[in-house]
Every structure is written in C-alpha cells, then in structure tokens.
Amino acid sequence: MEQEKKLVPNGGYPMHTFEDLKALYFVYIKSEKGRKIVEDAYLLAKEKHAGVFRKSGEPYIQHPIEVAYILAQLEAGPATLASGLLHDTVEDTDLTIEEIRKRFGDDVALIVDSLTKIQRMKLSKRKETDFEAEDHRKIFLGMARDVRVILVKLADRLHNLRTLDSLSPERQKAIAKESLEVFTPIAHRLGIYTIQSEMEDLSLKYLEPEKYKTILDLLNQREANRQESLTSLKKRIADILFEHKIPFRMESRVKSIYSIYRKMYKKGYTFDEIYDVLAIRIITKTEMNCYEILGIIHATYKPIPGRFKDYIAMPKPNMYQSLHTTIVSGDGNIYEVQIRTEEMDKIAETGIAAHWRYKEGENYNPKEEQRDIEEKLHWFRDFVSMSGEGEKGSAEEFMAALSNDIFNANVYVFTPLGKVIELPTGATTLDFAYKIHTKVGDQAVGATVNGALVPLNTVLKTGDVCEIKTSKTSPGPNLGWLDIAKTSSAKAHIKKAIQKREASVESREALVRKGREWCLSVFEKEGIGPGEMDRLLGEERVLANFHVDSRDALYAMVAGKSPTPQGLLDFLNVKREKRAPKLLKGADKRSSSCPVVIDGGEGVMIGLAHCCTPIPGDHIVGFVSKGKGIIVHRANCPNVASSTRLLEARWRDDLGVATYPVDIEVYANDRANLLADILVMLSSKGIVCSDLKAHLIKENMNCIIAMTVFVPDAGTLDDVFTALKGVRGVYDGKRIIH
Ligand code: MN
C-alpha cells in the first residue's frame, strides 16, 4: 500500500501573494507601463493556470508568483518578471507565443519561447551516459541566447528545488543532480551567489541526506558558543571603527552547508579544521575604506598567514570583489573577515543581476545592457578561444562577436534517440549525417528536422531533432556537397569518397581493357576481329545470358576469369549457327547457291563477315582466315583494310531470291510512335528486320535506332533508306561497320 505523502504547501517556505510581489517590484519599477506589464502577465497566467494544482497542493499560479518573487529580489526588470510569471503558460496551457507577443511584445515572447523550448528538452529525463554535464550546460546556454532567460530558468529551478518534497525520491535525486551539474555552475559563473548557495544546499539535502544532516547537526551544536563569541567580536570591531570614524555596517554569516560538505568530504578536513565556517562581513563606503579597515583588523587581531586575499585588486572572473583575511579572535575562535563596499556586496550576492538590475528611463536598451554585462563577465571568454590577439575592430564589434560566439558558437542537435551531436554554427543536415557515421553521410539523400522533410543543405539550430534519410542507391558525394558541408571533417570525408570513386572508375576501366584484350587474343584465332567481337558481345542475348547490363561489364568479368573468352565463344557458336546456316550451306562447293565467287577459292568454305554485313551490289574482298575458310568483307571494311591475306571476290551474276542481313543505324528526332511508324513502313515494303535497339540522347532528344534489315541487294537497301527518311522525324540513315 502506498504511503500517503504529507503535502507541504510551497515546500514549507513562506508563500507570497501577488501583493507581496507587487510591494517588492514597486520599490524599483516606477513607470506605469512597466508595472502594468507585470500585473497583466500575472492576470493572464492566473487565468490560464486556473483550476490546476501543483503536486504539493497549492494552486499552480503559486509557482510562477514565487519565481517572479525570486527575480524581483534580484531587481529584475518588467520583461523578466512578466516572463517569470508566464514561463509555464505556453508549455502547460493553450496560450501561444503569438498571443504573448501581441500582448507583451517581442522581448517577453522571446524569453518565454526560449524557456518553453528548454523545458521541452526535459533535460533531466535524458539518461544517455554520453550526455555530459558540460554538454548539458552548453546546450542550455546555447538555447538561452539571452541572459534574462538564464535568470528566469535559475529562479524556476530554485523554486522547484524548494518544493521537491512532493516528488518521488528518484525524481528528487535526478533534479538535484542536474541542478548541481548544470545550474549551480552557471549561477556561480554569473556570480549569483544567493541562488547558487541555496541551490547547492537544497540539492545536497536530497542527494546526500545523511551527510547533510551531519553538517547541520555540527553547526547547531556550535551555535550557542558561536553566537556569544560572535557578538563580542562584532562589538569590539564596531568600537574601533567608530573611533576611526569609518562608515560601515556589519553582517555575519555561516558558511553554506554545501561548502562545508565539500571541505569535509571532498578535501578531507574535519569540521573543526575549517577556518571560515564563520565569516564577518564589513561593508563600507569606498575602496580606500576597505584597505583602512583591513589595516585596523590586522593591527588588532592575529591574522593567519597565507589567508589574506585581495579580490579588489584582482577580482574573480565572476566580478566578485572583496578583501578576505582570517583572524584569531580574543577567545581563540577563528573567523574569516570579508571587507567590501556596498557596490561590491551587491555584486557578490547577485552577480550578473547587479549589473542587469532593471534601469528605468526612456533610453533603456536591453541589448546594450546585456553587452555591458557580458563585457564584465570574464568567464565568457572561457567559451571562446580568441585567436589573433591584437584585433583591430571597435570594442563594440568585439563584444558583438564575443556574444555571438558564446550564444551561437555551437549548435546542439539531437538524434531521434536523444543523443547530442555538437556542430559549429551554420552546420547543415549533411554535416550532421557525417557526424553520425561516414556511411550515413555517403548514403544521405535527405533528412527530417523536427519531423519535417528537408534537403541536405538545411542549417541546423540548437534543439533540433534530426534524422538522416539514406539510400543504398544514393549516387553518393559530389563536388556540390563540398559547398553544403560546413565542418572540415565532413568536407574531408566527401573529398575522400569522391577520390575513391574516381580511383575505382579508373581501375574498372583497366579491368575492362584487360578482359577485352584477352578476349581479342582468343577471338582473333577464330577469325573474329575486334569490331565483330565487340558487336557480338554487345548483343542483348549475350548480356542476358551472362547477367550483365553492358559489354564493358562483361569484359570486366572476363578479366576476373568468369566467364573465360572460350566460354563466350562456346555460347556464341550456338548463336552463329542459328544466324548463318544458309550462308555456310552456300559455301558448299556442290551448291550453286553460294552468292560469292572467289577466284582460286574453289572448294573453300566461304562466309559473309558479320562486321560489315556485305550484300550483293557491294564491292567485296575475301579474307583468308586460319582454318575457317574465306570470309567475305566489304572492300572498304576497316577490319581487313590493312590485311595482306585478301583475295578478289565478286557477287555471282545469277543470284536467287535470298536476302542478306545488313546492320544499319537510323537517326531521328524522337517522338511518340516513331518506332511503330518505322516498323509499319518496313513491313509494308516486305522488309524483315531484327535486333532493333533504340537509344535516346536526352540532351537533344535525338534517337539512334540500330537494327538488322534483311535485303536481297544494295539497290533495295537504298530504297529502304529513302523510305526511312520519309518517316516523320527521321533525318538520316546509314550502314555501319562494327
Ligand atoms: Mn516552472
């Protein structure tokens, strides 16, 4: 059975009403306009959150009021207070950014929008091991974009920590851990000590409840003794300062539980070895006063050597200034004494907010103010590696560039599974793809960003969720990608991939050449010249039989010895018999049907060459092949032009009705039904054709049609060409020699 949880409204902290908040900001916001913005924001937030309650029991509106109250304690301006009041409305209610922009202007809309996006990332729910706290901080800063966003987020988180009791122990620990890893370092860097130390103590309470209690007990045990000692020390110091007529006020503070925890459990001190558990703070008017007071203290009490620090001359990076020294009081207790001016005190407590503090007046410019703050924050330089020291540009340009680097130096993009990918500003989906994996980059065809389909040159922003679409048939990287990619790593991969592909094209060419040369050496022994070999091996049936889509691919395979040239010949011989049985029969000496007469060639087998497909009427020659009889070529056939083994040949005078195959090409402008019209024309003339192949040249929409037509003689072939040119679109036709 679940144990009933005791609900403590507002975590037991004093609850503030809007009237309390109003009393606070009325002190420093004087303009009617400013006051109205805050009040309007409150009324709208109250209306939108109406009827909703927090887990701790109070109406939801209590949370934004407390967040704004924390901000008002830092003297934040109207836009920041209004944003604090509205910070959960877009995420949790039906209010839109557009509506906020309409009613409160761009500033408030921008801040609330950033906060909503940060909230949607639900940072603390991410579980990835590679999700480092440092990434986390950078993502947060990258998304914040405006110091005011950071302020509201810190106030929001602080109030959530104050009211953590109503959540499950797992959630408590997760939020506490995230606060320590992500938010307190930011509060520290911004110098907002009040938020930093309260967050640290609260986080510790949930992460290390026992150690927290140990320290609390130790502090309480020493409390009575401490109060007595402290009172007498303060009185003594006050007396001396009055004597010297130095203006001052004095405070005392106990070191935060978290700082004591660090000294005890991280650095191994015992509680009594910690010198500065107690600190006295003397706040005075001028820097000069500070040094005067230091002199007086050192003259009165024994300082502990090595403990004096001058943070006035050497401020901390977060702008903290103060003199620190540690003394032994009259009763033997050890105290740290901090001496500073009012201004330094304000900065020590509220850091960036002291500079940020809302300034009234017509000329107030938040951008200028933010620049001013950034200028004072040395830690911003941590984020930037400034090359080129003595840069020329104006201070303003420098700050603009610096601010741009801080908030825009990197973008943090998520994979669909929540992994963070860090990329430089301006990086595209293509860079993202290569960052995931080289293979993903090489096969990328597109991407989705936040669910929308986008091209590979889409520039990514922090918080985007990006998924790359890949395809195995992607043509891969091309030179254009070098312009799309912004990261040098992606560019390097792209260059490499292009080079690799070119190298493989080259080596493929070498393979084709090698295979073809081998084939040729074998085919030539069979009386088949290079032209005829190329033609034969380019035939559709050959390609289909060897499962390749081009002759070159076949040659490349031959280079790999599968098939061998002999294997190709074996296949072709089957085909050749089908194609030329009549001719071979005609070579029979006893038959009078051989169409060619060769003087001195009687009794020898005669065949017609496949390369130049001679037909009656052509000038012809006989080529004496080794062991294959005489092959008849056209006299102008380049395959035999330089041969010394030629015999004179002529067509018989008494040819019968036989037809002979002849290979032709027809050139035409492509159009619908072109091939059909050609075939109809041929058929109407009683011309048989075969092996028709059409090739379209896309650039000019010209069409080359190769085919074999069967004609009795050259005169008929001329008629065929004339008729072909009569077909609309056809502009030329000719015989070809392979
Ligand atoms: Mn909130």
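Any read-out appearing in this document is the output of simple, stated calculations on the displayed coordinates, not a laboratory observation. Just so we're clear, the structure is a prediction, and the values are computed from it rather than from any experiment. FYI the Cβ positions are ideal-geometry reconstructions off the backbone, even for glycines, and counts take in every protein chain you see.
Sorted from largest to smallest, which semi-axis lengths in Å does the alpha carbon gyration tensor of the stretch 660-735 give for its equivalent ellipsoid, taking the root of 5 times each eigenvalue?
Output for the stretch 660-735: semi-axes of 20, 12, 11 Å.
May I ask which of K205/K309; K46/K213; K153/K435; K173/K469; K255/K309; K514/K725 have a Cα-Cα span longer than 29 Å here?
Table pairs above 29 Å Cα-Cα are K205/K309; K46/K213; K153/K435; K173/K469; K514/K725.
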Quiz prompt | For peptides 179-186, 524-531, sequence by mean Cβ density within 10 Å, most packed first | solution = 179-186, 524-531
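Which value, in Å³ per residue, describes the convex hull spanned by the Cα atoms of the stretch 592-737?
It comes to 118 Å³ per residue, whole-number rounded.
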Quiz item: Taking other Cβ within 10 Å of each residue's Cβ, how do F546, F308 sort, fewest first?
Solution: F308, F546
Self-check item: Simple Cβ-charge dipole of the stretch 425-570, Lys/Arg +1 and Asp/Glu -1, about Cα centre, in debye nearest 20
Solution: 680
Exercise. Within 10 Å, count the other beta carbons around each residue, average over each peptide in 509-521, 214-226, and list them highest first.
Key: 509-521, 214-226
Practice problem: Please arrange M319, M533, M314, M681 by counting, for each residue, the other beta carbons lying within 10 Å of its beta carbon, fewest first. | Solution: M314, M681, M319, M533
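For each of I737, I615, count neighbouring Cβ atoms within 10 Å of the residue's Cβ, then give the residues from fewest to most.
Details: I737 17, I615 25.
Starting with the residue having the fewest Cβ neighbours, the order is I737, I615.
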Quiz item: Can you give the direction-averaged projected area of the convex hull of the alpha-carbon atoms in the stretch 508-572, in nm²?
Solution: 3.6
Exercise. Have a look at W481, A452, A497 and report the one farthest towards the positive end of the charge dipole of the stretch 451-501, computed about the Cα centre with Cβ charges (Lys/Arg +1, Asp/Glu -1).
Key: A497
Quiz item: Given the alpha-carbon gyration tensor of the stretch 211-350, what are the semi-axes of its equivalent ellipsoid in whole angstrom, ordered largest first, with each equal to the square root of 5 times an eigenvalue?
Solution: 25, 19, 13
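What fraction of the DSSP beta bridges in the stretch 211-350 is antiparallel, stated in percent and rounded to the nearest 5?
Rounded to the nearest five, the antiparallel share is 75 percent.
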